[in-house]
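Asker: Got a structure here, written out as structure tokens. Questions coming.
Each reported figure results from applying straightforward, stated rules to the coordinates on display, with no laboratory input. Only a predicted model underlies this, so the values are computations on that prediction, with no experimental measurement involved. Note: ideal-geometry Cβ built from the backbone for every residue, glycine included; neighbour counts use all protein chains shown.
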Amino acid sequence: MAGRIPQSFINELLARVDIVDVIERRISLKKTGKNYSACCPFHNEKTPSFSVSPDKQFYYCFGCGVSGNALSFIMEYEGQEFVAAIEDLAQSMGMEIPRESFSGGNHHSNDNLYALMDKALLYYQDQLKNSKAAKEAIQYLKNRGLSGEIAKTYGIGYAPEGWQNLSEIKTESKSHQQDLVDTGMMIKNDKGHTYDRFRDRIMFPIRNRRGQTIGFGGRIIDQGEPKYLNSPETKLFHKGQELYGLYEMRKQLRNIDHILIVEGYMDVVALAQFGIFNATATLGTATSSEHLQTLFRICSKVVFCFDGDKAGRAAALRALQNALPLMKDAREIRMMFLPDGEDPDTMVRKIGAEEFNQQVDSSITLFDFLIQHLTSQVDMTTFEGPARLVHIAKPFTEAIKDSILKTRFDQKLASLAGLSEKQYSQATQYSQSQKKQEITTDLTKEFGSPEQEVKPIKIQGKAPFRRAISLLLQNPDSLPAAKLDWINQLDEPGAMIFSKLVVLVNKNEAVTTGMLIENWRGEPEEKHLKALALADLIISKEQIPAELADILNRLEKELIIDEWDRLIAKSKSQPLSPEEKNSLKSLQKEMLLRG
């Protein structure tokens, strides 16, 4: 019998998938405001009331009330069972489905691996700070203009020479040596001997969305190869999915206007030294469509920063090919090419942050770069040149999924080729009726403002956990960084649900509304969570973190007062234990601090 699909995998699958792509492969959607709309595929209607939110990764019909995430849509639309829908979605994402036995089996928690990576990080940081052997590493960082503050922000450390340094790290795990191999921090040779992967290198921790260390990049200080050495693929680290500096960027910046993709670790930290924190780097791989999907969930504008040489142009072309299918509506990609011999590190030092940012703003757009590339491949002054242009552009036009962008690109190519749109369409054997169907669907609704009488509920602040759940569901990034384990002590409706939401948000990357609700599939709470996910919060997105923090602060204060009252009442009837007396003093101090 097949094993159970772990909930952790389902959460990861929903975090990586784009619900708009899933639904758009099955029905036509039109951008309306920040969301997408269509006539509902689950009931007959003439006016669109079906809305898809890319931010929440959630759909809802204001006519019939159907709602859910990408899995729910596949199940409803194609009549598939739950497991079949997961298999369908996982296959489309190129993900292999793990299985665990129904008895709990051999599914291994990664918690001890994360803890081990944190210990390795602290070890490297301590070596950079206190080891005499790190003198050259410190001098190198100073020569590159890095301050101690930036080194601390990015967790930079030093791996000393030696083959068994990490073996000395103390852990409670009985499989300490094997765990070091599993995390890629040590290598096991054919004879079964293990040794440190990183030696005499400046260490850059690679952190996931929750700030957990999942891998390292090590830069050699002097001469030697490889110049940069990354952690291998492990249970924790998948370089095709991760981006260096993304965690630090989101920690430093609340509002991110655009994201700059650079080549290496030093480019990211050097830009940060000049106050430019919105830079990230891929980890020894080309920028994948998965990387771009991650970035587009944060903001709608991405700028690639390339060397201006032939290799830089080739890299730009590879990035363009991955980016074209993802381009739609408000999304914007630009290409910034640096002068020969320059990288972001040297460039920002030479011209300063202000002028560097101006050059980012004036960089060439993706489609202008594509047209520039295509026209450079042919001689447009000859008779055959324009025809050749149309021919070599065909793979690129086929990669464009957005109907409006495809139409505009076709118009531009037709103009360059000296053809009318009709002639161009006939020449490329592109179906005019198909094109018309793609770009003229009459969809006019915006999420949150349907003409139907059915509207999302509005919730007020009377029930604090009801409000807190709705705020967190609709904006998972609003969760405060403070410890919230005290919530488990509260005997209030919604406390247990909110506590579970907190665990899910802290445990998973790229958390969305649709993914969170999935954890209650088939449970009585599911329909209530869906309602709260659609509730009108009556405040702006920017106000959500402050209100959520305020609600939690008030609830914790009430808990403190209740415990104070309990201990005071007890003291009047019997002596308090030393622990209770200490607790009373701590509560008193806390109450004074909170006013």
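Asker: Please sort by residue number the chymotrypsin sites (Phe, Trp or Tyr not before Pro) in segment 148-257 whose DSSP state is loop and whose Cβ has at most 16 other Cβ atoms within 10 Å.
Answerer: Here the sparse-neighbourhood loop sites are 163.
Asker: For segment 297-344 and segment 18-89, compute the distance between their C-alpha centroids and round to whole Å.
Answerer: 31
Asker: If you take the square roots of the eigenvalues of the alpha-carbon gyration tensor of segment 249-363 and sort them as a ≥ b ≥ c, do you get rounded (a/c under 1.5), prolate (a/b over b/c) or oblate?
Answerer: Because a/c hits 1.5 or more and a/b fails to exceed b/c, segment 249-363 counts as oblate.
Asker: If you take the square roots of the eigenvalues of the alpha-carbon gyration tensor of segment 205-257 and sort them as a ≥ b ≥ c, do you get rounded (a/c under 1.5), prolate (a/b over b/c) or oblate?
Answerer: Oblate.
Asker: For residue 420 and residue 233 in one chain, what is 0.36 nm times their gap in residues minus the Cα-Cα distance, to one decimal in nm?
Answerer: 62.2 nm
Asker: How far, in nm, would the chain grow between residue 143 and residue 122 when pulled straight, counting 0.36 nm per residue and subtracting the alpha carbon separation?
Answerer: Working: separation 21, 0.36 × 21 = 7.56 nm, distance 2.37 nm.
Taking residue 143 through residue 122 to full extension adds about 5.2 nm, to one decimal.
Asker: Nearest-5 percent of antiparallel DSSP beta bridges in the chain?
Answerer: 70
Asker: Can you classify segment 7-92 as rounded, prolate or oblate using the Cα gyration tensor, where a ≥ b ≥ c are the square roots of its eigenvalues, rounded means a/c under 1.5, and otherwise it's prolate if a/b beats b/c and oblate if not?
Answerer: Taking the square roots of the gyration eigenvalues as a ≥ b ≥ c, segment 7-92 is prolate.
Asker: So what J values fall out for segment 228-243 if you push phi through Karplus, 6.51 cos²θ - 1.76 cosθ + 1.60 with θ = phi - 60°, rounded to Hz, Gly and Pro as x?
Answerer: Computed from phi, the couplings for segment 228-243 are 10, 10, 9, 4, x, 5, 9, 4, 9, 10, 10, 5, x, 10, 9, 10 Hz.
Asker: If I compute Cα Rg over 2.2 N^0.38 Å from the structure I just sent, which labelled value in (i) 1.10; (ii) 1.21; (iii) 0.99 lines up?
Answerer: Checking each listed value against the structure points to (i).
Asker: Hey, another quick one. How high is the FRET efficiency between residue 340 and residue 573 when r is their beta carbon distance and R₀ equals 60 Å, given to the nearest 0.05?
Answerer: After rounding, the FRET efficiency stands at 0.10.
Asker: Ok, one more. Straight distance only, please: which lysines reach the Cα of residue 310 with their own Cα at less than 18 Å, same-chain residues fewer than 8 apart left out?
Answerer: Candidates past the 8-residue exclusion: nothing left.
Asker: Taking θ as phi - 60°, what are the ³J(HN,Hα) couplings along segment 466-471 by the Karplus curve (6.51, -1.76, 1.60), each to the nearest whole Hz, with x for Gly and Pro?
Answerer: 4, 5, 4, 4, 5, 4
Asker: Can you give me the relative contact order of segment 12-129 as a percent, contacts being Cα pairs under 8 Å and 6 or more apart?
Answerer: Once normalised by length, the contact order is 16 percent.
Asker: Next question, about the same structure. Determine the relative contact order of the chain: mean sequence separation of Cα pairs under 8 Å and six or more apart, normalised by residue count, in whole percent.
Answerer: Numbers: 809 pairs, mean separation 79.5, N = 595.
That works out to 13 percent.
Asker: May I pose another question? Under a straight-distance cross-link criterion of Cα-Cα below 19 Å, which lysines are reachable from residue 350, leaving out those fewer than 8 residues away in the same chain?
Answerer: Those lysines meeting the cut-off are 142.
Asker: Compute the signed sum of charges (Lys and Arg +1, Asp and Glu -1) over the other residues within less than 14 Å, Cβ to Cβ, of residue 529.
Answerer: Here the charged neighbours net out to +3.
Asker: Can you list residues whose amide H is under 5 Å from residue 332's amide H, if they're 5+ apart or on another chain and H is modeled 1.01 Å from N?
Answerer: Under 5 Å from the amide H of residue 332: 301, 302.
Asker: Can you give the FRET efficiency to the nearest 0.05 for residue 588 and residue 463, using r as the Cβ-Cβ distance and R₀ = 41 Å?
Answerer: 0.90
Asker: Do any of 30/301; 483/585; 483/572; 30/422 go past 23 Å between their Cα atoms, and which?
Answerer: On the way: 30/301 20 Å; 483/585 21 Å; 483/572 32 Å; 30/422 25 Å.
483/572; 30/422, as the Cα separations exceed 23 Å there.
Asker: State, to one decimal in nm, how far the label point of residue 488 lies from the label point of residue 527, with both points 7 Å from Cα in the Cβ direction.
Answerer: Calculated label separation equals 3.1 nm.
Asker: For segment 249-363, what is the relative contact order in percent, using Cα pairs closer than 8 Å and at least 6 residues apart in sequence?
Answerer: Answer for segment 249-363 is 29 percent.
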